[in-house]
Amino acid sequence: MLLGLLLVAALHSVSVKAVAKAPKLDGIVDSIWTTADSIYEFKQFIPDYGEPATYKTVVKFLQDESNLYILAVAYTGKRKLMATLSGSNDGVTIYLDPVFSRQDAYYFRVSAPGYKEDGVISDNGARKNSAWDGYWFAKVKTYPHKYVAELKIPFRSIRYKAGISKWGLQVKRWIPNLHEVDYWPLPPKEYQERVSAYGILEAIKPGTRGMGMEFYPVGLVKNEDYGVGKGKTRPRFGLDFNWNISPNFILNTTFKPDFAQIEADPFALNLSKYELYLRERRPFFVEANEIFKPVRTTFGDVFWPFHVFYSRRIGRRLPDGTEVPILFGAKFTAKTSKSQIGYMGIYTEGVHYGDSDYEPAYLWNVFRFKTLGKSTVGVLIASRKDSSNIDANFSLDGKFNSGPHEVIFQGVRSKADTVWGNGFRIGYDYFYSSFLGGVGFSYVGEKLNLNSTGYLGEDPGVWIRLIGGKVTYPRGKKVRFVMRAFEVIINKKHGEDVYEKTLILFSRLNFRGGFVISGFGGIGNSYDFGVNRTTWTGHFEFGKNSSKFSCGTWNNLAKKWNYRLNLFGWTFNGGVWGNFSITDHVSFMEDFNYWVELGKTNNVEEIFLSFRPSIGIYFDPEKSVVITVETVPYYQNKWDVGSVRFGLRFKYQFMPKSTFYIVLNQAYQEGENELEKSESIAAVKIRWAIPF
């Protein structure tokens, strides 16, 4: 398998032509591009794997001392080009592995109306971080039968390995109204994001880099009111600083960051005994966070890593609504073709809240090191220290690949106060051609406690998972992809003699017209509070993607222990989502969710609903306004409204990594007789990137 991937890379290569005069970024093909080498033999990944692309795509590469230039000409024939600001658009994505690690890569996407997106692929395609924000430029111009995109990527803005002339390269094209995805080179059918299957960009020689420094002055005027009195308006100032010490080493710092532009977490009802796991949204923590993540399996559910570091613990929101202030943060990361290393240190200030409560000041430290290659081994250490105590979590993890075979493991150890705890996981999975399978084992020690810096949403004990199934790709039929699989889970909680067992049957169908249908059903048993009961679970999902809209529904049902109502009964939850292009500049988005809880006699105990409509107004690719209203009605003997939240965000990205925001968030909670304001935040913020 590895030999085959290397052979693919050798056969798919393109050279970079060095020029003294840079091409002009205007979407017009200048004569200078005639000297450049090109790629054009694209193949379909979807819908007909391996078949020639429906329309021709030509991509070329040039460079000067400071920048890499990329030209993409995408022909469209007589079909209508999708180039609206509010819908799904034609686009081209460039993937670059500048360290030639065959594990990690950057991606740069440009769409026909001029939108830019970027991010990082890591763990050979197992992880994707769309929060990385690069300093690069692009210009797109549309024509009657094609569109032309020109990209300029400064060498100083990405990590690369000095002294090598080969980078990993892949190019992807998306044609929305044909539901077609084309690649050069074509990745394996089983692993679309596999970095080790990239082709080669040859003869590249980065030159001058400048000082490699970026200053980000941050100015903010903010009014905050958490329902306890008149809000205070005051200016704030902060400073972010990035230093590309070398092509491989980067230092990021932040002083008094304020994440006023971050939207509030959507409402979710928690029916389990564990706290909700919340997605990280703050820029300082999401940038380069792939380095601090444990390795995970490329496919399957046989292995879920322990969360030794959970960044939402830092600067958390306290019970009265205020956030713990972050005074300073620093992040050092380094990448080579064979290893990665990262260190993060954050200091949070102590703060009084409520009537007499106090959150102490903490120093947080996170260290990560892992090797790269066919086999990956890593160490992760996270700690939290106050004036009198230090808690810490430790992780040793690794992944070994051999063709379609993959073995992955993780061992963890925690220190909470003076108590030590342990945990261990190992998994094996196989996915090749039409067959998939795997087995996993987990042990969670009785005293394992990751919650100082991490997250542990499960009980002590052991579990075993076994999966197997088959995937088929019918050619020339309405159904493009069919998966049928089963999963067996055996669990034994610490201190109990009863084994909990679950059997799940799963199926998924992808249609050529953009429809997706999937579902599963399961039966098992659970042992709760000394009683063994039969459990049932089911899931159904349906979705449709098109050039003008995408929508779908997901629905779960389960009969198990409800920790919210403290009873064994049926629960139903699900939702309907949609994204509709009303005009070329306006879109409507809806996210509706429901939770229905039944009692012991199948009577309706509670119903919670969440309506979250949004209107997006897009003036151009750099300027937009999004207005969101979230309403949460509920039923407990009668209908009432639990909360209402209103949000408005204006965003103007006037330069790469430089953004102007206007933000308004207001929240109302149920009071004795009416809704009462619980939060009001209004902010004007500017973050300006100044490179040197």
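Work through the residues other than I607 whose Cβ is under 12 Å from its Cβ and net out their charges, Lys, Arg +1 and Asp, Glu -1.
Neighbour charge sum, excluding I607 itself: -3.
Residues with beta-carbon under 15 Å from that of P305, excluding P305: net charge, scoring Lys, Arg +1 and Asp, Glu -1?
Residues close to P305 contribute a combined charge of +2.
What relative contact order, as a whole-number percentage, does segment 548-643 give when Cα pairs under 8 Å and 6 or more residues apart are counted?
The normalised contact order for segment 548-643 reaches 19 percent.
Using the Cα centre of the chain as origin and beta-carbon charges of +1 (Lys, Arg) and -1 (Asp, Glu), tell me which of V19, S111, I517 is placed farthest towards the positive end of the dipole.
V19
Apply 1/(1 + (r/R0)^6) to the Cβ-Cβ distance of F400 and V516, taking R0 = 35 Å, and write down the FRET efficiency to the nearest 0.05.
Efficiency, from the Cβ-Cβ distance: 0.60.
State whether segment 460-553 is rounded, prolate or oblate according to the following rule on the C-alpha gyration tensor (a ≥ b ≥ c being the square roots of its eigenvalues): a/c under 1.5 gives rounded; otherwise a/b larger than b/c gives prolate, and the remaining case gives oblate.
In terms of gyration-tensor shape, prolate.
Between K374 and E672, how high is the FRET efficiency from 1/(1 + (r/R0)^6) when r is the Cβ-Cβ distance and R₀ = 60 Å? Nearest 0.05.
0.40
If we count every other residue with Cβ under 10 angstrom of G461's Cβ, Lys/Arg +1 and Asp/Glu -1, where does the sum land?
Values: positive: K492, K493; negative: E446, E458, D459, E496, E500.
After counting each charged neighbour, the total is -3.
When only Cα pairs under 8 Å and 6 or more residues apart are kept, what is the percent relative contact order across the chain?
10 percent
Can you give the calculated 222 nm mean residue ellipticity of the chain, where each DSSP H run of n ≥ 4 adds -39,500 (n - 2.57) and the sum is split over every residue, rounded to the nearest 500 deg cm²/dmol?
Result for the chain, helices only: -500 deg cm²/dmol.
How would segment 2-202 be classified by its alpha-carbon gyration tensor: rounded, prolate or oblate, with rounded meaning a/c under 1.5 and the a/b versus b/c comparison settling the rest?
rounded
Only loop residues by DSSP count here, and only those with at most 10 other Cβ atoms within 10 Å; note down the trypsin sites (Lys or Arg not before Pro) in segment 607-650 that meet that.
Filter output for segment 607-650: K638.
Tell me the relative contact order for segment 485-628 as a rounded percent, counting alpha carbon contacts under 8 Å between residues six or more apart. Could you put the intermediate results ahead of the total?
Working: 333 pairs, mean separation 17.6, N = 144.
For segment 485-628, the relative contact order is 12 percent.
What are the ³J(HN,Hα) values, in whole Hz, obtained from phi via the Karplus relation 6.51 cos²θ - 1.76 cosθ + 1.60 with θ = phi - 60°, for each residue of segment 629-641 in sequence order, with x given for Gly and Pro?
Karplus-based 3J(HN,Hα) across segment 629-641 equals 10, 10, 10, 10, x, 8, 10, 9, 6, 8, 7, 8, 10 Hz.
Rounded if a/c is under 1.5, else prolate if a/b beats b/c, else oblate: with a ≥ b ≥ c from the C-alpha gyration tensor eigenvalues square-rooted, which is the chain?
In terms of gyration-tensor shape, rounded.
Give me the number: length gained by fully extending L664 to E349, i.e. 0.36 nm times residue separation minus the C-alpha to C-alpha distance, one decimal in nm.
Once the chain is fully extended between L664 and E349, it gains 110.8 nm.
Quote the charge dipole size of segment 2-202 about the Cα centre in Debye, to the nearest 20; the model charges only the Cβ of Lys and Arg (+1) and of Asp and Glu (-1).
Dipole magnitude for segment 2-202 comes out near 300 debye.
Would you mind estimating how fast segment 324-406 diffuses translationally, via Stokes-Einstein at 10 °C and 1.306 mPa s with the Kirkwood radius over Cα pairs, in µm²/s?
Result for D is 105 µm²/s.
Just order 609-615, 376-382 by mean Cβ neighbour count inside 10 Å, highest at the front, would you?
My ranking of the peptides, most packed first, is 376-382, 609-615.
Using a 10 Å cut-off around each Cβ, can you sort I250, I504, I627, I408 from fewest to most neighbouring Cβ atoms? Can you show the working numbers first?
Working: I250 22, I504 19, I627 15, I408 27.
If I rank by nearby Cβ atoms, fewest first, I get I627, I504, I250, I408.
When K146, K273, K335, K141 are ordered from fewest to most other Cβ atoms inside 10 Å of their Cβ, what list results?
Exposure proxy ranking, most exposed first: K273, K141, K146, K335.
Which of the listed residues, H405, I28, F292, is farthest toward the dipole's positive end in the chain, when Lys, Arg count +1 and Asp, Glu count -1 at the beta-carbon?
I28
Out of every Cα-Cα pair in segment 272-472, what percent are more than 31 Å apart?
25 percent
Based on the Kirkwood radius over alpha-carbon pairs, what value in µm²/s does the Stokes-Einstein equation return for the translational diffusion coefficient of segment 291-358 at 25 °C and 0.890 mPa s?
Working: Rh = 15.2 Å.
For these conditions, the coefficient is 161 µm²/s.
State to the nearest 20 debye the size of the charge dipole of the chain about its Cα centre, where the only charges are +1 on K and R beta carbons and -1 on D and E beta carbons.
Computed charge dipole of the chain: roughly 2180 debye.
Quick note: the coordinates plus some simple rules give every number you see, no bench work behind them. Predicted model only: the values in this text are computed from it and were never measured. A quick note on method: Cβ atoms are made from the backbone with ideal geometry, for glycine too, and the neighbour counts reach across all protein chains shown.
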